[in-house]
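Structure first, then comments.
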Amino acid sequence: MFPMSFLKPLDDILNKITMYRLVLYYLIFLWLAAFNLSFFGFFPFGFIELLISSAIIISVSFLTNKLLARIFNTFTNLESVYISAFILILIITPARSINEYIFIILASFFAMASKYILSFNKKHVFNPVAISVLIMLLFTIGGASWWVGTTVMLLPVLFGLLVIRKIQRASLVLTFLITSLSAMEFFSVISGFDALLILQNTLLESPLLFFAFVMLTEPSTTPPRQILQIYYGAIVGILFYPQIHISSFYFTPEAALVAGNIFSYLVSPKEKLTLSLKEKIKLSKDTYDFVFNLNKKFSFTPGQYLEWTLGFKNPDSRGNRRYFTIASSPTEENLRIGIKFYPNSSSFKKNLFSLKPGDKIMAGSLSGDFVLPDDANKKLVFILGGIGITPFRSIVRYLLDKNMKIPAVVFYSNKEKSDIVYKDLLDQAEQKLGIKIIYNLTDLESIPKDWKGEKGRLDENMLKKYVSDYKERIFYLSGPHSMVMGFEEVLGKMGISKTNIKKDFFPGYV
(Lines give C-alpha, C1' and ligand atoms only; values in the text may rest on other atoms or scores of the structure.)
Protein backbone atom coordinates (compact mmCIF):
# COMPACT_ATOMS: atom_id res chain seq x y z
CA MET A 1 0.00 0.00 0.00
CA PHE A 2 2.95 2.30 0.71
CA PRO A 3 6.64 2.11 -0.33
CA MET A 4 8.58 0.03 2.23
CA SER A 5 11.07 2.83 2.93
CA PHE A 6 8.13 5.02 3.92
CA LEU A 7 6.48 2.52 6.26
CA LYS A 8 8.60 2.82 9.40
CA PRO A 9 8.47 6.63 9.83
CA LEU A 10 4.81 6.50 8.86
CA ASP A 11 4.10 3.84 11.48
CA ASP A 12 6.06 5.81 14.08
CA ILE A 13 3.72 8.74 13.51
CA LEU A 14 0.53 6.67 13.39
CA ASN A 15 1.59 4.78 16.51
CA LYS A 16 1.36 7.98 18.54
CA ILE A 17 -2.31 8.53 17.64
CA THR A 18 -5.25 6.40 18.75
CA MET A 19 -7.46 4.90 16.08
CA TYR A 20 -10.44 7.06 17.04
CA ARG A 21 -8.41 10.24 17.13
CA LEU A 22 -6.89 9.46 13.71
CA VAL A 23 -10.35 8.93 12.19
CA LEU A 24 -11.55 12.18 13.76
CA TYR A 25 -8.55 14.09 12.40
CA TYR A 26 -9.19 12.58 8.97
CA LEU A 27 -12.84 13.64 8.99
CA ILE A 28 -11.96 17.17 10.13
CA PHE A 29 -9.38 17.31 7.32
CA LEU A 30 -12.08 16.34 4.82
CA TRP A 31 -14.42 18.96 6.26
CA LEU A 32 -11.76 21.67 5.96
CA ALA A 33 -11.06 20.63 2.37
CA ALA A 34 -14.77 20.76 1.56
CA PHE A 35 -15.18 24.12 3.30
CA ASN A 36 -12.43 25.65 1.19
CA LEU A 37 -13.78 24.09 -2.00
CA SER A 38 -17.30 25.33 -1.22
CA PHE A 39 -15.87 28.83 -0.71
CA PHE A 40 -14.64 28.72 -4.31
CA GLY A 41 -17.89 27.34 -5.71
CA PHE A 42 -17.01 23.68 -6.28
CA PHE A 43 -20.22 22.46 -4.62
CA PRO A 44 -23.90 23.32 -5.17
CA PHE A 45 -23.96 24.78 -1.66
CA GLY A 46 -22.07 27.63 -0.07
CA PHE A 47 -19.63 27.64 2.82
CA ILE A 48 -22.17 29.45 5.03
CA GLU A 49 -24.69 26.66 4.52
CA LEU A 50 -22.02 24.07 5.28
CA LEU A 51 -21.01 25.94 8.42
CA ILE A 52 -24.57 26.26 9.75
CA SER A 53 -25.50 22.63 9.05
CA SER A 54 -22.25 21.46 10.64
CA ALA A 55 -22.91 23.47 13.79
CA ILE A 56 -26.44 22.04 14.08
CA ILE A 57 -25.37 18.42 13.54
CA ILE A 58 -22.51 18.64 16.03
CA SER A 59 -24.65 20.39 18.65
CA VAL A 60 -27.60 18.00 18.37
CA SER A 61 -25.29 14.97 18.42
CA PHE A 62 -23.43 16.22 21.48
CA LEU A 63 -26.55 17.11 23.47
CA THR A 64 -28.40 13.91 22.54
CA ASN A 65 -25.45 11.73 23.54
CA LYS A 66 -24.97 13.60 26.81
CA LEU A 67 -28.65 13.20 27.71
CA LEU A 68 -28.86 9.51 26.81
CA ALA A 69 -25.58 8.66 28.54
CA ARG A 70 -27.04 10.11 31.73
CA ILE A 71 -30.38 8.32 31.28
CA PHE A 72 -28.73 4.95 30.59
CA ASN A 73 -26.03 5.57 33.22
CA THR A 74 -23.11 4.53 31.03
CA PHE A 75 -19.71 5.79 29.95
CA THR A 76 -19.57 8.04 26.92
CA ASN A 77 -16.86 8.92 24.45
CA LEU A 78 -16.83 12.33 22.83
CA GLU A 79 -14.57 11.20 20.00
CA SER A 80 -17.26 8.74 18.91
CA VAL A 81 -19.86 11.50 19.01
CA TYR A 82 -17.80 13.85 16.86
CA ILE A 83 -16.88 11.08 14.42
CA SER A 84 -20.55 10.26 13.82
CA ALA A 85 -21.37 13.95 13.54
CA PHE A 86 -18.70 14.65 10.93
CA ILE A 87 -19.73 11.61 8.88
CA LEU A 88 -23.29 12.95 8.83
CA ILE A 89 -21.97 16.33 7.75
CA LEU A 90 -20.01 14.79 4.88
CA ILE A 91 -22.84 12.65 3.48
CA ILE A 92 -25.91 14.89 3.95
CA THR A 93 -26.20 17.97 1.74
CA PRO A 94 -26.19 21.13 3.89
CA ALA A 95 -29.72 22.30 4.66
CA ARG A 96 -31.42 25.22 2.93
CA SER A 97 -35.07 24.82 3.91
CA ILE A 98 -37.06 24.18 7.08
CA ASN A 99 -37.72 20.56 6.06
CA GLU A 100 -34.02 20.00 5.42
CA TYR A 101 -33.12 21.46 8.81
CA ILE A 102 -35.66 19.12 10.44
CA PHE A 103 -34.06 16.24 8.56
CA ILE A 104 -30.50 16.93 9.76
CA ILE A 105 -31.73 17.41 13.33
CA LEU A 106 -33.60 14.09 13.31
CA ALA A 107 -30.73 12.27 11.59
CA SER A 108 -28.31 13.52 14.26
CA PHE A 109 -30.69 12.54 17.04
CA PHE A 110 -31.30 9.01 15.75
CA ALA A 111 -27.60 8.42 15.08
CA MET A 112 -26.82 9.00 18.73
CA ALA A 113 -29.98 7.30 20.02
CA SER A 114 -29.26 4.12 18.06
CA LYS A 115 -26.15 3.51 20.15
CA TYR A 116 -28.31 3.25 23.27
CA ILE A 117 -31.69 2.02 22.04
CA LEU A 118 -30.73 -0.38 19.23
CA SER A 119 -28.29 -2.28 21.41
CA PHE A 120 -28.21 -5.57 23.27
CA ASN A 121 -26.17 -6.07 26.42
CA LYS A 122 -24.76 -2.55 25.88
CA LYS A 123 -23.40 -3.44 22.42
CA HIS A 124 -24.90 -1.42 19.57
CA VAL A 125 -25.82 -3.49 16.55
CA PHE A 126 -25.77 -1.00 13.70
CA ASN A 127 -23.42 1.64 12.42
CA PRO A 128 -25.05 4.73 14.00
CA VAL A 129 -24.91 6.92 10.90
CA ALA A 130 -26.03 4.17 8.52
CA ILE A 131 -29.08 3.14 10.56
CA SER A 132 -30.08 6.75 11.19
CA VAL A 133 -29.99 7.73 7.50
CA LEU A 134 -31.78 4.50 6.54
CA ILE A 135 -34.59 5.21 9.01
CA MET A 136 -34.94 8.70 7.58
CA LEU A 137 -35.10 7.25 4.06
CA LEU A 138 -37.66 4.56 4.91
CA PHE A 139 -39.96 7.16 6.47
CA THR A 140 -39.38 9.47 3.46
CA ILE A 141 -38.08 12.24 5.70
CA GLY A 142 -34.90 12.64 3.68
CA GLY A 143 -31.82 10.85 2.44
CA ALA A 144 -28.06 11.12 2.15
CA SER A 145 -26.56 12.54 -1.02
CA TRP A 146 -23.08 11.24 -0.12
CA TRP A 147 -21.66 14.46 -1.53
CA VAL A 148 -18.19 13.64 -0.19
CA GLY A 149 -17.94 11.14 -3.08
CA THR A 150 -17.06 13.65 -5.78
CA THR A 151 -14.03 14.09 -8.03
CA VAL A 152 -12.86 17.25 -6.27
CA MET A 153 -12.81 15.36 -2.94
CA LEU A 154 -11.00 12.28 -4.29
CA LEU A 155 -7.48 13.36 -3.30
CA PRO A 156 -8.42 14.31 0.31
CA VAL A 157 -10.45 11.08 0.62
CA LEU A 158 -7.41 9.00 -0.38
CA PHE A 159 -5.72 10.05 2.86
CA GLY A 160 -8.05 7.49 4.40
CA LEU A 161 -5.41 4.94 3.46
CA LEU A 162 -3.65 6.10 6.64
CA VAL A 163 -6.65 4.91 8.64
CA ILE A 164 -6.49 1.49 6.99
CA ARG A 165 -2.77 1.32 7.69
CA LYS A 166 -3.40 2.14 11.33
CA ILE A 167 -6.22 -0.32 11.98
CA GLN A 168 -4.79 -3.15 9.86
CA ARG A 169 -8.05 -3.81 8.02
CA ALA A 170 -6.62 -4.01 4.49
CA SER A 171 -8.12 -7.46 3.83
CA LEU A 172 -11.59 -6.22 4.76
CA VAL A 173 -11.34 -3.11 2.59
CA LEU A 174 -9.83 -4.93 -0.38
CA THR A 175 -12.51 -7.62 -0.24
CA PHE A 176 -15.21 -4.98 -0.21
CA LEU A 177 -13.67 -2.99 -3.07
CA ILE A 178 -13.04 -6.04 -5.27
CA THR A 179 -16.52 -7.45 -4.62
CA SER A 180 -18.38 -4.18 -5.14
CA LEU A 181 -16.48 -3.23 -8.30
CA SER A 182 -16.84 -6.76 -9.70
CA ALA A 183 -20.59 -6.68 -9.06
CA MET A 184 -20.87 -3.30 -10.77
CA GLU A 185 -18.91 -4.52 -13.78
CA PHE A 186 -20.97 -7.72 -14.03
CA PHE A 187 -24.33 -5.97 -13.91
CA SER A 188 -23.09 -3.27 -16.28
CA VAL A 189 -22.12 -5.86 -18.89
CA ILE A 190 -25.36 -7.85 -18.72
CA SER A 191 -27.35 -4.59 -18.82
CA GLY A 192 -25.50 -3.38 -21.91
CA PHE A 193 -23.81 -0.40 -20.22
CA ASP A 194 -20.26 0.80 -20.80
CA ALA A 195 -18.43 -1.14 -18.07
CA LEU A 196 -15.30 1.03 -18.19
CA LEU A 197 -17.33 4.21 -17.90
CA ILE A 198 -19.25 2.77 -14.95
CA LEU A 199 -15.97 1.83 -13.28
CA GLN A 200 -14.53 5.31 -13.83
CA ASN A 201 -17.64 7.04 -12.50
CA THR A 202 -17.74 4.73 -9.49
CA LEU A 203 -14.19 5.56 -8.48
CA LEU A 204 -14.44 9.29 -9.19
CA GLU A 205 -18.06 10.16 -8.51
CA SER A 206 -19.27 7.83 -5.76
CA PRO A 207 -18.77 7.44 -2.00
CA LEU A 208 -17.13 4.02 -2.51
CA LEU A 209 -13.71 4.89 -1.07
CA PHE A 210 -14.96 7.10 1.77
CA PHE A 211 -17.47 4.41 2.69
CA ALA A 212 -14.74 1.75 2.70
CA PHE A 213 -12.20 3.77 4.70
CA VAL A 214 -14.53 5.12 7.39
CA MET A 215 -17.91 3.41 7.70
CA LEU A 216 -17.15 -0.17 6.73
CA THR A 217 -14.26 -0.41 9.20
CA GLU A 218 -16.05 0.90 12.30
CA PRO A 219 -14.73 -1.53 14.98
CA SER A 220 -17.90 -1.88 17.06
CA THR A 221 -19.89 -3.29 14.14
CA THR A 222 -17.11 -5.25 12.42
CA PRO A 223 -16.65 -9.04 12.95
CA PRO A 224 -13.83 -10.01 15.34
CA ARG A 225 -11.86 -12.46 13.17
CA GLN A 226 -10.13 -11.81 9.86
CA ILE A 227 -11.95 -14.55 7.95
CA LEU A 228 -15.29 -13.20 9.17
CA GLN A 229 -14.25 -9.69 8.16
CA ILE A 230 -13.62 -10.98 4.63
CA TYR A 231 -17.14 -12.46 4.49
CA TYR A 232 -18.49 -9.18 5.87
CA GLY A 233 -16.69 -7.15 3.21
CA ALA A 234 -18.03 -9.42 0.48
CA ILE A 235 -21.64 -9.17 1.70
CA VAL A 236 -21.57 -5.39 1.92
CA GLY A 237 -19.70 -5.18 -1.40
CA ILE A 238 -22.36 -7.11 -3.31
CA LEU A 239 -25.22 -5.12 -1.79
CA PHE A 240 -23.43 -1.81 -2.38
CA TYR A 241 -24.31 -1.92 -6.10
CA PRO A 242 -27.30 0.45 -6.51
CA GLN A 243 -29.28 -1.94 -8.77
CA ILE A 244 -29.50 -4.69 -6.15
CA HIS A 245 -33.06 -4.69 -4.83
CA ILE A 246 -35.70 -6.67 -2.96
CA SER A 247 -39.04 -6.03 -4.65
CA SER A 248 -39.31 -2.24 -4.87
CA PHE A 249 -36.59 -1.58 -2.27
CA TYR A 250 -33.24 -0.73 -3.82
CA PHE A 251 -30.13 -0.95 -1.68
CA THR A 252 -28.29 2.25 -0.85
CA PRO A 253 -24.82 2.41 0.76
CA GLU A 254 -26.34 2.78 4.23
CA ALA A 255 -28.75 -0.13 3.62
CA ALA A 256 -25.88 -2.34 2.44
CA LEU A 257 -23.94 -1.54 5.60
CA VAL A 258 -26.91 -2.19 7.89
CA ALA A 259 -27.40 -5.59 6.23
CA GLY A 260 -23.72 -6.32 6.81
CA ASN A 261 -24.08 -5.20 10.43
CA ILE A 262 -26.74 -7.86 10.97
CA PHE A 263 -24.34 -10.54 9.73
CA SER A 264 -21.58 -9.10 11.91
CA TYR A 265 -23.79 -9.14 14.97
CA LEU A 266 -24.77 -12.77 14.41
CA VAL A 267 -21.14 -13.95 14.24
CA SER A 268 -19.67 -11.62 16.89
CA PRO A 269 -19.60 -11.56 20.70
CA LYS A 270 -22.88 -10.09 21.89
CA GLU A 271 -22.03 -8.05 24.93
CA LYS A 272 -20.14 -5.35 26.72
CA LEU A 273 -18.95 -5.89 30.26
CA THR A 274 -19.09 -3.50 33.18
CA LEU A 275 -16.33 -4.74 35.46
CA SER A 276 -15.22 -3.78 38.95
CA LEU A 277 -11.58 -3.87 39.98
CA LYS A 278 -10.75 -6.66 42.39
CA GLU A 279 -7.06 -6.01 42.90
CA LYS A 280 -3.94 -4.49 41.36
CA ILE A 281 -0.79 -6.64 41.45
CA LYS A 282 2.69 -5.24 40.91
CA LEU A 283 4.68 -7.49 38.56
CA SER A 284 7.80 -5.34 38.08
CA LYS A 285 8.91 -1.77 38.69
CA ASP A 286 6.50 -0.39 36.07
CA THR A 287 4.20 -3.30 35.16
CA TYR A 288 0.97 -4.26 36.91
CA ASP A 289 -1.79 -6.81 36.61
CA PHE A 290 -5.32 -5.47 36.95
CA VAL A 291 -7.73 -8.18 38.06
CA PHE A 292 -11.46 -7.57 37.55
CA ASN A 293 -14.44 -9.42 38.97
CA LEU A 294 -16.58 -11.29 36.45
CA ASN A 295 -20.20 -11.34 37.57
CA LYS A 296 -21.35 -13.54 34.69
CA LYS A 297 -20.04 -16.10 32.22
CA PHE A 298 -17.83 -14.56 29.54
CA SER A 299 -16.58 -16.68 26.65
CA PHE A 300 -13.41 -15.85 24.76
CA THR A 301 -10.48 -17.62 23.14
CA PRO A 302 -7.05 -17.37 24.81
CA GLY A 303 -5.02 -14.69 23.04
CA GLN A 304 -7.88 -12.32 22.18
CA TYR A 305 -8.25 -8.68 23.22
CA LEU A 306 -10.94 -6.25 24.37
CA GLU A 307 -11.58 -2.56 24.01
CA TRP A 308 -11.53 -0.91 27.45
CA THR A 309 -13.33 2.34 28.26
CA LEU A 310 -12.86 4.51 31.35
CA GLY A 311 -15.17 7.33 32.36
CA PHE A 312 -13.14 10.37 33.42
CA LYS A 313 -13.07 14.07 32.69
CA ASN A 314 -10.72 15.88 30.35
CA PRO A 315 -9.01 13.00 28.50
CA ASP A 316 -5.87 13.97 26.64
CA SER A 317 -5.37 13.57 22.89
CA ARG A 318 -5.17 9.80 23.29
CA GLY A 319 -8.77 9.53 24.48
CA ASN A 320 -10.48 7.38 27.09
CA ARG A 321 -10.43 4.04 25.25
CA ARG A 322 -7.69 1.45 24.79
CA TYR A 323 -7.28 -2.06 23.42
CA PHE A 324 -5.63 -4.50 25.83
CA THR A 325 -5.07 -8.22 25.41
CA ILE A 326 -6.75 -10.44 27.99
CA ALA A 327 -4.03 -11.95 30.17
CA SER A 328 -6.30 -14.40 31.98
CA SER A 329 -7.59 -17.73 30.73
CA PRO A 330 -11.26 -18.61 30.14
CA THR A 331 -10.71 -21.22 32.87
CA GLU A 332 -10.11 -18.52 35.52
CA GLU A 333 -12.82 -16.84 37.54
CA ASN A 334 -11.60 -13.28 37.00
CA LEU A 335 -10.59 -11.18 34.00
CA ARG A 336 -7.00 -9.94 33.99
CA ILE A 337 -4.93 -7.49 31.93
CA GLY A 338 -1.23 -6.68 32.24
CA ILE A 339 -0.23 -3.04 31.73
CA LYS A 340 3.17 -1.37 31.47
CA PHE A 341 3.30 2.26 32.61
CA TYR A 342 5.71 4.83 31.19
CA PRO A 343 6.92 8.13 32.70
CA ASN A 344 4.68 10.18 30.38
CA SER A 345 1.67 7.91 30.47
CA SER A 346 -1.59 9.03 28.90
CA SER A 347 -4.51 10.36 30.95
CA PHE A 348 -6.18 6.99 30.36
CA LYS A 349 -3.34 5.07 31.97
CA LYS A 350 -3.05 7.56 34.82
CA ASN A 351 -6.74 7.12 35.60
CA LEU A 352 -6.45 3.37 35.20
CA PHE A 353 -3.55 3.30 37.65
CA SER A 354 -5.57 5.31 40.17
CA LEU A 355 -8.47 2.81 40.18
CA LYS A 356 -9.32 1.38 43.57
CA PRO A 357 -11.05 -1.94 44.35
CA GLY A 358 -14.70 -1.63 43.40
CA ASP A 359 -14.15 1.04 40.74
CA LYS A 360 -15.77 0.36 37.36
CA ILE A 361 -14.47 -0.01 33.83
CA MET A 362 -16.25 -1.05 30.64
CA ALA A 363 -14.92 -3.67 28.22
CA GLY A 364 -16.24 -4.89 24.87
CA SER A 365 -15.53 -5.47 21.17
CA LEU A 366 -13.82 -8.82 21.75
CA SER A 367 -11.54 -9.57 18.80
CA GLY A 368 -8.20 -10.95 17.68
CA ASP A 369 -6.61 -13.79 15.68
CA PHE A 370 -3.65 -14.37 18.04
CA VAL A 371 -5.06 -17.76 18.97
CA LEU A 372 -3.86 -21.36 18.80
CA PRO A 373 -4.46 -23.28 15.56
CA ASP A 374 -7.19 -25.92 15.46
CA ASP A 375 -4.52 -28.55 14.78
CA ALA A 376 -2.81 -29.16 18.15
CA ASN A 377 0.12 -30.84 16.38
CA LYS A 378 1.16 -27.70 14.51
CA LYS A 379 4.65 -26.56 15.49
CA LEU A 380 4.71 -23.02 16.87
CA VAL A 381 7.17 -20.23 17.68
CA PHE A 382 6.23 -17.34 19.96
CA ILE A 383 8.35 -14.19 19.82
CA LEU A 384 7.36 -11.96 22.73
CA GLY A 385 8.68 -8.59 23.84
CA GLY A 386 8.06 -7.00 27.22
CA ILE A 387 4.38 -6.76 28.16
CA GLY A 388 3.63 -8.45 24.83
CA ILE A 389 3.69 -11.64 26.86
CA THR A 390 0.09 -11.08 28.06
CA PRO A 391 -1.65 -13.12 25.33
CA PHE A 392 0.81 -15.95 25.92
CA ARG A 393 0.02 -15.82 29.64
CA SER A 394 -3.63 -16.41 28.70
CA ILE A 395 -2.72 -19.29 26.40
CA VAL A 396 -0.35 -20.99 28.87
CA ARG A 397 -2.79 -20.76 31.76
CA TYR A 398 -5.44 -22.35 29.56
CA LEU A 399 -3.12 -25.15 28.44
CA LEU A 400 -2.09 -25.90 32.03
CA ASP A 401 -5.68 -25.98 33.26
CA LYS A 402 -6.76 -28.23 30.39
CA ASN A 403 -3.58 -30.37 30.55
CA MET A 404 -2.94 -29.79 26.85
CA LYS A 405 0.52 -29.89 25.28
CA ILE A 406 1.68 -28.06 22.15
CA PRO A 407 5.04 -28.24 20.29
CA ALA A 408 6.22 -24.68 20.86
CA VAL A 409 9.40 -22.65 21.28
CA VAL A 410 9.12 -19.26 23.01
CA PHE A 411 11.54 -16.33 22.76
CA TYR A 412 10.85 -13.84 25.54
CA SER A 413 12.85 -10.62 25.19
CA ASN A 414 13.20 -7.82 27.76
CA LYS A 415 15.52 -4.91 28.36
CA GLU A 416 16.51 -5.99 31.87
CA LYS A 417 16.06 -9.09 33.99
CA SER A 418 13.76 -7.20 36.36
CA ASP A 419 11.32 -6.65 33.46
CA ILE A 420 10.52 -10.36 33.20
CA VAL A 421 6.96 -11.09 34.36
CA TYR A 422 4.87 -14.27 34.86
CA LYS A 423 8.09 -16.24 35.49
CA ASP A 424 6.34 -18.79 37.72
CA LEU A 425 3.81 -19.59 35.01
CA LEU A 426 6.53 -19.86 32.37
CA ASP A 427 8.42 -22.31 34.59
CA GLN A 428 5.30 -24.46 34.79
CA ALA A 429 4.96 -24.31 31.01
CA GLU A 430 8.48 -25.72 30.66
CA GLN A 431 8.12 -28.38 33.33
CA LYS A 432 4.58 -29.60 32.66
CA LEU A 433 3.99 -28.78 28.99
CA GLY A 434 7.48 -29.23 27.57
CA ILE A 435 7.47 -25.76 26.00
CA LYS A 436 11.00 -24.51 25.35
CA ILE A 437 11.45 -20.93 26.63
CA ILE A 438 14.47 -18.80 25.73
CA TYR A 439 14.93 -15.65 27.78
CA ASN A 440 16.75 -12.76 26.17
CA LEU A 441 18.03 -9.42 27.57
CA THR A 442 18.80 -6.51 25.26
CA ASP A 443 20.51 -4.02 27.63
CA LEU A 444 24.04 -5.47 27.60
CA GLU A 445 25.29 -3.16 30.36
CA SER A 446 22.76 -4.33 32.95
CA ILE A 447 22.97 -8.09 32.40
CA PRO A 448 23.82 -9.96 35.65
CA LYS A 449 27.01 -12.04 35.73
CA ASP A 450 25.07 -15.22 36.47
CA TRP A 451 22.67 -14.71 33.53
CA LYS A 452 22.22 -17.96 31.56
CA GLY A 453 19.92 -16.72 28.84
CA GLU A 454 20.61 -15.03 25.52
CA LYS A 455 22.02 -11.51 25.16
CA GLY A 456 21.41 -8.77 22.61
CA ARG A 457 18.59 -8.30 20.16
CA LEU A 458 16.81 -11.34 18.82
CA ASP A 459 17.79 -11.91 15.20
CA GLU A 460 17.76 -14.51 12.47
CA ASN A 461 20.84 -16.31 13.79
CA MET A 462 19.44 -16.67 17.29
CA LEU A 463 16.19 -17.97 15.88
CA LYS A 464 17.92 -20.60 13.74
CA LYS A 465 20.05 -21.65 16.72
CA TYR A 466 16.99 -22.94 18.58
CA VAL A 467 14.53 -23.63 15.77
CA SER A 468 16.14 -25.57 12.93
CA ASP A 469 12.75 -26.49 11.47
CA TYR A 470 11.54 -22.88 11.42
CA LYS A 471 10.04 -23.23 7.92
CA GLU A 472 7.58 -25.78 9.28
CA ARG A 473 6.27 -23.55 12.05
CA ILE A 474 3.62 -20.89 12.64
CA PHE A 475 5.04 -17.71 14.19
CA TYR A 476 3.30 -15.55 16.80
CA LEU A 477 4.62 -11.99 17.28
CA SER A 478 3.63 -9.84 20.25
CA GLY A 479 5.32 -6.80 21.73
CA PRO A 480 6.18 -3.20 20.87
CA HIS A 481 4.90 -2.21 17.45
CA SER A 482 8.40 -1.59 16.09
CA MET A 483 9.53 -5.05 17.25
CA VAL A 484 6.55 -6.80 15.67
CA MET A 485 6.92 -5.00 12.34
CA GLY A 486 10.70 -5.45 12.33
CA PHE A 487 10.61 -9.16 13.01
CA GLU A 488 7.83 -9.68 10.48
CA GLU A 489 10.27 -8.34 7.90
CA VAL A 490 13.02 -10.68 9.20
CA LEU A 491 10.69 -13.68 8.89
CA GLY A 492 9.77 -12.63 5.36
CA LYS A 493 13.44 -12.67 4.36
CA MET A 494 13.72 -16.13 5.93
CA GLY A 495 11.03 -17.40 3.61
CA ILE A 496 8.17 -17.55 6.12
CA SER A 497 4.80 -16.97 4.45
CA LYS A 498 2.60 -14.18 5.82
CA THR A 499 -0.13 -16.76 6.31
CA ASN A 500 2.12 -18.42 8.91
CA ILE A 501 2.64 -15.21 10.89
CA LYS A 502 0.14 -14.08 13.52
CA LYS A 503 0.47 -10.67 15.18
CA ASP A 504 -1.06 -9.50 18.42
CA PHE A 505 -2.05 -6.24 16.82
CA PHE A 506 -5.14 -4.22 17.63
CA PRO A 507 -6.38 -0.84 16.42
CA GLY A 508 -5.45 1.39 19.29
CA TYR A 509 -2.58 3.21 20.93
CA VAL A 510 0.27 0.68 21.07
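The values are calculated or read from the model by the stated rules, or taken from the named source; none is laboratory data. No experiment lies behind these values; they were computed from the predicted model shown. Here the Cβ positions follow ideal geometry from the backbone for every residue, glycine too, while neighbour counts run over all protein chains shown.
Screening the stretch 350-391 for residues that are over 23 Å from D424 (Cβ atoms) and part of a strand (DSSP E or B) and picking the one that is farthest from the chain's Cα centre (by Cα) gives K360.
Residues of the stretch 385-408 being in contact with a helix residue (DSSP H, G or I) (Cβ under 6 Å, 6 or more places away or on another chain) and over 27 Å from N295 (Cα atoms), which ones? Passing the criteria: G385, K405.
Picking from residues in the stretch 151-186 that are over 24 Å from T222 (Cα atoms) and in contact with a helix residue (DSSP H, G or I) (Cβ under 8 Å, 6 or more places away or on another chain), the one that is surrounded by the fewest Cβ atoms within 10 Å (Cβ to Cβ) is T151. On inspection, N334 qualifies as out of contact with any helix residue (DSSP H, G or I) (no Cβ under 6 Å at 6 or more places or on another chain) and modelled with pLDDT of 95 or more.
Within the stretch 76-116, the set of residues being farther than 19 Å from G364 by Cβ, touching a residue at least 24 places away in the same chain (Cβ under 8 Å) and among the β-branched types (V, I, T) comprises I87, I89, I91, I92, T93, I102, I104, I105.
Give the stretch 342-371 a look and list any residue that's surrounded by 21 or more Cβ atoms within 10 Å (Cβ to Cβ) and of a type in the set (F, W, Y), or say none. Within the stretch 342-371, F348, F370 qualify.
Restricting the search to strands (runs of 3 or more DSSP E) fully inside the stretch 425-510 and requiring at least 1 residues that are free of Cβ contacts under 8 Å to residues at least 40 places away in the same chain and either outside the structural domain of R322 (by TED's automatic domain parsing) or not small (G, A, S) (or both) gives 436-441, 501-503.
Of the strands (runs of 3 or more DSSP E) that lie entirely inside the stretch 263-331, those containing 1 or more residues that are more than 19 Å from the chain's Cα centre (by Cα) and crowded, with 18+ Cβ neighbours inside 10 Å span 273-282, 287-293.
Would you be able to say whether some residue in the stretch 127-136 is touching a Lys or Arg at 6+ places or on another chain (Cβ under 9 Å), in contact (Cβ under 8 Å) with a residue 12 or more places away in the chain, in the same structural domain as F29 (by TED's automatic domain parsing) and surrounded by 19 or more Cβ atoms within 10 Å (Cβ to Cβ)? Yes, there is a match, as at least one residue in the stretch 127-136 is touching a Lys or Arg at 6+ places or on another chain (Cβ under 9 Å), in contact (Cβ under 8 Å) with a residue 12 or more places away in the chain, in the same structural domain as F29 (by TED's automatic domain parsing) and surrounded by 19 or more Cβ atoms within 10 Å (Cβ to Cβ). Determine whether S328 is outside the structural domain of K16 (by TED's automatic domain parsing), modelled with pLDDT of 90 or more and not β-branched (V, I, T). Taking the combined requirement at face value, the residue satisfies it.
Pick out the one residue from I131, I190 that is at pLDDT below 95 and farther than 27 Å from D12 by Cβ. Residue meeting the stated conditions: I190.
Can you give me the number of residues within the stretch 460-491 that are surrounded by fewer than 14 Cβ atoms within 10 Å (Cβ to Cβ) and under 25 Å from T325 (Cβ atoms)? Talk me through it step by step, then tell me what you get.
Of all residues in the stretch 460-491, those surrounded by fewer than 14 Cβ atoms within 10 Å (Cβ to Cβ) come to 460-461, 464-465, 468-469, 471-472, 489.
Of the ones still in play, those that are also under 25 Å from T325 (Cβ atoms) are 489.
Of the residues in that region, 1 qualify.
Where helices (runs of 4 or more DSSP H) fall entirely within the stretch 140-251, those with at least 2 residues that are touching a Ser or Thr at 6+ places or on another chain (Cβ under 9 Å) and assigned by TED's automatic domain parsing to the domain that holds F120 are at 161-167, 170-190, 195-204, 226-240.
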